[in-house]
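Remarks on the structure that follows.
Every read-out reported here was derived from the displayed coordinates using simple, explicitly stated rules and does not represent laboratory data. Small disclaimer: the values here were computed from a predicted structure and weren't measured. Positions of Cβ are generated from backbone atoms using ideal geometry, with glycine treated the same way; all protein chains shown enter the neighbour counts.
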Amino acid sequence: MEDNGIATAAETGVYGPEGKWLIEGHGVDPDIVVDDLPHATFEGKDAQLDAALKLLEDEIRKDPRPVPKAPPYPDKSFKYAQ
């Protein structure tokens, strides 16, 4: 590595302050379970992206937020001294 550091894979699990193993041997459960079919992915479709966009659209529809008006553009012109 550029900085003479070392990158290694974890050799032991991690446990939390309550004394339980954290995601050891299991991984993190997704918020939304999506079937990512290989042939659809091969055809350029992305089931995970589609599910995420649908979730966001539903959230925006339920709780729309106003878009703030943009302020006027600053004057960045240079004034020459004469």
Once you place label points 7 Å from the Cα toward the Cβ at D63 and Q48, how far apart are they in nm? 2.5
Packing-based exposure ordering (other Cβ within 10 Å, fewest first) of F78, F42: F78, F42
Just tell me which lysines come within less than 18 Å, Cα to Cα, of K54; anything on the same chain fewer than 8 places away is out. K45, K62
Between the modelled labels at Y73 and V14 (7 Å from Cα along Cα→Cβ) the distance in nm is 4.6
Total formal charge among the other residues, if their Cβ is under 11 angstrom from that of A40, Lys/Arg +1 and Asp/Glu -1: -4
Helix-only estimate, please: 222 nm mean residue ellipticity of the chain, summing -39500 (n - 2.57) across DSSP H runs of length 4 or more and dividing by its residues, to the nearest 500. -7500 deg cm²/dmol
